[in-house]
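Below you'll find the structure I mean.
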Amino acid sequence: MPQPTRTPDEIRRSIEAHRVELGLAVEQVRGEVVKLTDWRGQMRIHQREVLIGAAAAGFLLAGGIAGVTGLFTRRKRHKG
């Protein structure tokens, strides 16, 4: 049987060190997830883009293009 290269105490210390590292990594990932999924914060950062997109969407949904082009392409109707 081969001799262990590490003592039980060394193994315990290694496990504890890895446990601490894992805990720190989990906290770091949790912070990143919270930051990336904070839609209010994202809207604050990109407020100008959000407003432009909302205005464009509202214009399209309200039939703005059809209304504007209808004004320019309207033909006079003949009474018959």
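The values are calculated or read from the model by the stated rules, or taken from the named source; none is laboratory data. Nothing here was measured: the structure is a model prediction, and the numbers come from that model.
Select from region 24-61 the residues that are part of a helix (DSSP H, G or I) and of a type in the set (Asp, Glu) and list them in ascending order.
Result: Glu27, Glu32, Glu49.
May I pose another question? Which residues, counting only those in region 20-48, are charged (D, E, K, R) and at pLDDT below 95?
The answer is Glu32, Lys35, Asp38, Arg40, Arg44.
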